[in-house]
Every structure is written in C-alpha cells, then in structure tokens.
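So the structure is just underneath, and the comments pick up after that.
The values are calculated or read from the model by the stated rules, or taken from the named source; none is laboratory data. Please read these numbers as outputs of a predicted model, since none were measured by experiment. These area figures cover heavy atoms from the full protein model, side chains too; ligands, DNA and RNA do not enter into them. Shrake-Rupley method; radii C 1.70, N 1.55, O 1.52, S 1.80 Å.
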Amino acid sequence: MRQLVPTATETTIEQAYRAPLDRRTGAPWVGLCMVTSIDGSTVVDGQSSDLSSANDSGVLHQLRSLADVIIVGAGTVRGEGYGPPKKPGQRIGVVTGSGEVDTTTDLFTSGAGFLITTTDADLGSGDRPDVIRAGTAVVDLRAAIDQFHTIHPSPRFVQAEGGANLNGALLDQDLLDEINVTTSPLTVGGSGPRLAEGAGDVTHRFELAQLAIDDQSFVFSRWRRRR
Ligand SMILES: NC(=O)c1ccc[n+]([C@@H]2O[C@H](COP(=O)([O-])OP(=O)(O)OC[C@H]3O[C@@H](n4cnc5c(N)ncnc54)[C@H](OP(=O)(O)O)[C@@H]3O)[C@@H](O)[C@H]2O)c1
C-alpha cells in the first residue's frame with residue numbers, strides 16, 4: 001500500500017490505521033468505516049462483500065481492533081449477520097426501532113451484543129441482552145452514545161459500520177468525527193444505497209487526513225470532521 005497524503009511513502013494497514021484520527025475528552029470519538037463503488041453504491045446484490053478485498057477487510061479489522069464499541073444498523077445485521085467480536089471486552093450495539101433483531105445468535109449469547117433502541121420500543125419479555133434506550137419513534141443516537149459508559153468501562157472510540165440508514169441518522173446528528181472509506185475499483189450500477197440514506201440536507205465539512213492506494217487500485221481515504 002502506498003500512502004499519498006499526508007506524505008508519499010510506502011505503508012501498511014497497521015501503520016496507516018494505527019489509531020483513530022484523534023480523540024476527545026468526554027464524548028467518545030466516532031468513526032465510520034465503509035466501502036463503496038466508484039459510482040457510490042455500498043452493495044452488490046444486497047451485500048458489501050463483492051466490493052471488498054483483502055486489504056479493505058484488513059482496514060475494517062484493524063479499525064475494529066481499536067474500537068471499544070461498534071455500532072451497526074439492524075438492516076445490516078439482518079442481511080449479513082454479525083458474529084461476536086474478537087477483541088475481549090468489546091461491545092457491539094445493534095440499532096433498531098422495531099426491535100426485530102434475532103438475539104439468539106452468538107453475537108448476543110456471547111454477551112458482547114446489545115440493543116440500542118427507543119424508549120417506547122416493545123422488545124417482548126424473556127431473556128434480553130443489555131439495552132440502551134434513547135429517543136421516541138427514532139433512536140436519539142447522541143443520547144444513546146452518551147450512555148455507552150453503562151455497557152463499557154471506557155468507551156473512547158466508537159466504530160460505526162453502516163449501513164446507509166444508520167449512517168444517515170449519524171449524519172443528521174453530526175456525530176461522525178471521522179469517515180474511513182474505501183473506494184473499490186468497480187462500478188456496479190443498480191439502485192443500491194449510497195454511503196448515507198435518509199438524512200436531511202445537512203452539509204458537514206471534512207478534511208482529508210490520509211489517502212492511500214494499493215496495487216489493485218483500491219483507494220483508502222480517511223476524512224476528519226472539521227469542527
Ligand atoms: N459497503 C459497506 O461498507 C456496507 C457496510 C454495512 C452494510 N452494508 C450494506 O448495507 C445494507 C443495509 O443498509 P440499510 O441502510 O438497509 O440498513 P442499516 O442502516 O444497516 O439498518 C437500518 C435499520 O437500522 C435501524 N435504525 C437505524 N437508525 C435508526 C434510528 N435512528 N432509529 C431507529 N432505528 C434505526 C432501523 O432498524 P429497524 O428496521 O429494526 O427499526 C433501520 O431499519 C446491506 O445490504 C448491507 O450489506 C454495506
């Protein structure tokens with residue numbers, strides 16, 4: 001992998017993604033990690049795997065290894081499945097309004113998975129994973145993240161892993177401090193979701209913190225929110 005920005009040099013995934021772009025005292029630093037096609041789709045036939053590569057997957061896993069908490073939309077979990085984390089103590093929160101999340105999977109039986117939902121969502125009775133509730137009708141993600149200290153002793157870096165509708169909700173609340181996006185060297189056409197769906201017309205300024213390319217023409221960019 002060759003880094004072009006901030007300086008031109010050979011690099012590795014471990015070096016290029018050795019830490020979040022920054023940290024903050026107080027509220028956790030929130031990063032998004034996604035892969036898109038050149039024409040902006042985040043799926044091929046409803047899944048992200050055909051957009052990805054060994055290096056893209058390496059980036060996802062390297063950033064995951066830095067995260068204290070991962071958040072993911074229920075649509076992605078229903079479509080792609082999600083297993084328990086490899087990193088001890090890491091928690092994975094599934095954002096859902098409907099509560100339609102299968103909590104019998106390894107993600108939840110391992111104790112790592114938890115639900116992030118609204119104050120009025122009906123999750124039924126019986127055994128239930130940890131739940132964070134914030135907002136009515138839709139999850140207030142800022143208020144939910146503010147409660148992460150209840151499920152992790154030191155939630156300093158939160159990685160969001162999509163999909164598009166969760167990303168839209170994060171953009172709506174201006175919660176993304178960094179965006180790590182891999183551009184796959186493919187066009188896919190179709191009507192697949194782009195990076196964010198469902199957000200209002202909100203403009204947030206980011207600056208390019210890092211840019212790298214590999215020998216398969218995958219482009220790896222890291223964007224920091226300019227506040
Ligand atoms: N290219 C990539 O890097 C990448 C990464 C991840 C996923 N994907 C792809 O993206 C697709 C899924 O994306 P998607 O947009 O359909 O689904 P999604 O964003 O994963 O999940 C959407 C669901 O999350 C819940 N949700 C999100 N924000 C909410 C809020 N503020 N309040 C309440 N609930 C909220 C809702 O769940 P309920 O319906 O339960 O209420 C909503 O239907 C899949 O095809 C997946 O393969 C691609």
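Summary of computed values
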quantity: Heavy-atom accessible surface of the stretch 123-194: percent carbon and sulfur, 1.4 Å; calculated: 48 percent
quantity: Cα Rg, Dmax, the chain, angstrom units; calculated: 17.1, 56
quantity: The stretch 36-42 - phi-based ³J(HN,Hα) in whole Hz, Karplus 6.51/-1.76/1.60, Gly and Pro as x; calculated: 10, 7, 4, 8, x, 7, 9
quantity: Backbone HN-Hα couplings from phi across the stretch 218-227 [Karplus 6.51/-1.76/1.60, Hz, Gly and Pro as x]; calculated: 6, 10, 10, 10, 10, 10, 10, 5, 8, 9
quantity: Contact order relative to length of the chain, as percent, for alpha carbon pairs under 8 angstrom and 6 or more apart; calculated: 29 percent
quantity: Extension gain (nm, one decimal) between Ser98 and Val138, 0.36 nm per residue minus Cα-Cα; calculated: 13.5 nm
quantity: Degrees separating the helix 54-66 axis from the principal Cα axis of the chain, which is the longest one; calculated: 50 degrees
quantity: Residues whose placed amide H lies under 5 Å from that of Leu32, excluding near-sequence neighbours; calculated: Ala160, Glu178, Ile179, Asn180
quantity: Karplus-derived 3J(HN,Hα), 6.51/-1.76/1.60, for each residue of the stretch 72-89, Hz, glycine and proline x; calculated: 8, x, 4, x, 5, 5, 5, x, 10, x, 9, x, x, x, 7, 7, x, x
quantity: Kirkwood Rh, angstrom, the stretch 129-221 [1 / mean 1/r, Cα pairs]; calculated: 15.7 Å
quantity: Shape call, the stretch 58-125: gyration tensor on alpha carbons, a/c limit 1.5; calculated: prolate
